[in-house]
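These notes concern the structure reproduced below.
The values are calculated or read from the model by the stated rules, or taken from the named source; none is laboratory data. In this text, all values refer to a predicted model and were calculated from it rather than measured experimentally. Every residue, glycine among them, receives a Cβ derived from its backbone with ideal geometry; neighbour counts consider all protein chains shown. Calculation scope for accessible area: heavy atoms of the full protein, side chains included, ligands and nucleic acids excluded. Shrake-Rupley method; radii C 1.70, N 1.55, O 1.52, S 1.80 Å.
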Amino acid sequence: MTDAPILVVGAGQCGLKAVETLRTGGYDGDLVFIGAEPHAPYQRPPLSKAFLKGEMSRDRLMLKPDRFFQEKAIQTRFGEAVAAIAPERREVTLAGGEHLAYSKLLLTTGTRARRVPLEGTDLAGVFHLRELADVEWIAANLDPSMRLAIVGAGYIGLEVAAALRVAGYNVTVLEGAERILRRVVCPEVSAFFDGLHRDHGVDIRTSTLPSRIVGAERVEAIEFSDGNRLACDAVLLAVGAEPVTDLAAAAGIGCENGILVDTSCRTSAPDVFAAGDCAAFPSARYGRTIRLECVQNAIDQGKAAAQAMLGTPVAYDPLPWFWSDQYHVKLQIAGLSDGHTEIAIEGAPSDAGFAVTYLKEGVPVAVDAVNQPRAHMLARRSLATPTAAEPAAAAAGTA
Ligand SMILES: Cc1cc2nc3c(=O)[nH]c(=O)nc-3n(C[C@H](O)[C@H](O)[C@H](O)COP(=O)(O)OP(=O)(O)OC[C@H]3O[C@@H](n4cnc5c(N)ncnc54)[C@H](O)[C@@H]3O)c2cc1C
């Protein structure tokens, strides 16, 4: 049984960190790395930033050169999807029908773009942005003479708005909530980004929900409930992501907004682990089960899962951090701000830089730093030990 390979399913940033850690941690048995996309793992963040703008080459997008996998004796099966897991037989089945036995299995299947239950989403010109193939589709099918409508004013929607507006596109952003980025930042930060986009000529319409997308074969317009229409040539649906749990759920592994794992990344099935965007884990730091969609978590939890698979005790409970680039502005977020009771703002909101500390009953829980990298780094340090935390912006001496 122990001769069977370790399988890692999902060739993104998290799976890559896991296979790398298995090797550096001393595992010298067979290791198979399986991914549905036809590429080696690449960085996803530039897909809505530098790579979309054409400022980054495809080579630089890749996380490792091909020789890495040969040198580390990692057998790659890119372009192949796993169709089923049989935990009782310790075996997975590939979409092509082949069965692969495992000694241990790690699921790093990530997220997929959330679908919008709207008539017309199957028209030509309607797209999502999640994979390299999506950016290749944009490059081949869209051009700056087009009118682009973006449904959803979260990070990805707004980053694409910024990148393509600068490229010359006519861009309208439609957001159902009363302000952009409502789920993730306070009204003051939303207002700053709203103004930033308007100053660049993006038409932002909040409290606005499309009722359908219309067109003969290609998208021609978005229609609203009052019958009004917004004429457009392309529509990006950017209303968030959902964890890819299908394989785990079908195998009877516990799932609830993600594949449920413990702090050692173990699922409910023996020797089956999960990590990254697809995994929901108990956080003592936040007093609840959380699931994170960020590079920090993909890397750190991928490493933690591999260590746990090698028998090293781990208790994964990170301080999450994240960033977003829009125009010349970098927003860096440390910690989770939901449930905060007050905020403290250092500096007037402007692109010269400001920082917002979110507090819960007087204790800092998160910091948004806008063009303030130092405040962000200090916040990561101070928030990592909550009892020692001070408002990070103040600690950074920002004004
Ligand atoms: C456009 C964009 C911009 C982003 N910007 C930022 C940012 O600025 N900062 C930040 O921190 N985070 C950002 N993120 C989020 C970050 O990229 C993700 O959190 C991270 O990539 C998650 O890594 P992962 O390996 O867990 O999952 P993923 O990267 O989703 O990889 C999972 C892989 O598993 C594969 N897979 C799924 N099912 C199967 C199967 N059955 N068989 C085989 N393979 C399968 C998928 O095809 C995929 O390749 C961004 C994401 C996107 C899409």
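One residue alone among 4, 84, 73, 18 is under 25 Å from residue 310 (Cα atoms), more than 21 Å from the chain's Cα centre (by Cα) and within 10 Å of the ligand (Cβ to nearest atom), and that residue is 84. Applying the criterion of being aliphatic (A, V, I, L, M) and open to solvent by 60 Å² or more (accessible area, probe 1.4 Å) to the residues of the range 240-260, the residue that is farthest from the ligand (Cβ to nearest atom) is 260. The numbered conditions (1) near the ligand (Cβ under 10 Å from one of its atoms); (2) outside any loop (DSSP other than H, G, I, E, B) are all true for residue 292 except (2). Restricting the range 299-308 to residues that are open to solvent by 10 Å² or more (accessible area, probe 1.4 Å) and within 16 Å of the ligand (Cβ to nearest atom), the residue that is nearest to the chain's Cα centre (by Cα) is 299.
Of the residues making up the range 237-267, those that are touching a helix residue (DSSP H, G or I) at 6+ places or on another chain (Cβ under 6 Å) and farther than 29 Å from residue 311 by Cβ number 1.
Restricting the search to strands (runs of 3 or more DSSP E) fully inside the range 180-236 and requiring at least 1 residues that are within 23 Å of the chain's Cα centre (by Cα) and of a type outside the set (A, V, I, L, M, F, W, C) gives an empty result. Put simply, of 274, 348 the only residue that is aliphatic (A, V, I, L, M) and either within 12 Å of the ligand (Cβ to nearest atom) or open to solvent by less than 20 Å² (accessible area, probe 1.4 Å) (or both) is 274. Only one of the numbered conditions (1) loosely packed, with under 15 Cβ neighbours inside 10 Å; (2) without any contact (Cβ under 8 Å) to a residue 40 or more places away in the chain; (3) farther than 26 Å from residue 24 by Cβ is violated by residue 91, and that is (1).
Scanning the range 351-371 for residues being under 23 Å from the mean Cα position of the chain (by Cα), under 15 Å from residue 192 (Cα atoms) and open to solvent by 30 Å² or more (accessible area, probe 1.4 Å) gives a total of 1. Taking residue 282, is it outside any loop (DSSP other than H, G, I, E, B), open to solvent by 20 Å² or more (accessible area, probe 1.4 Å) and either within 14 Å of the ligand (Cβ to nearest atom) or not small (Gly, Ala, Ser) (or both)? For residue 282, the condition - outside any loop (DSSP other than H, G, I, E, B), open to solvent by 20 Å² or more (accessible area, probe 1.4 Å) and either within 14 Å of the ligand (Cβ to nearest atom) or not small (Gly, Ala, Ser) (or both) - is met. Considering 117, 45, the condition of being within 15 Å of the ligand (Cβ to nearest atom) and either at pLDDT below 95 or more than 20 Å from residue 259 (Cβ to Cβ) (or both) is satisfied by 45 alone.
Selection of first residues in the range 38-64 that are farther than 20 Å from residue 163 by Cβ and of second residues that are open to solvent by 20 Å² or more (accessible area, probe 1.4 Å) and of a type in the set (D, E, K, R), restricted to Cβ pairs under 8 Å at least 6 apart or on distinct chains, gives the following pairs, ordered by first then second residue: 40/64; 40/66; 41/64.
To keep it simple, each residue is scored yes or no on (1) open to solvent by less than 10 Å² (accessible area, probe 1.4 Å); (2) within 24 Å of residue 47 (Cβ to Cβ).
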position	(1), (2)
114	no, yes
132	yes, yes
140	no, yes
157	yes, yes
168	no, yes
189	yes, yes
211	no, no
217	no, no
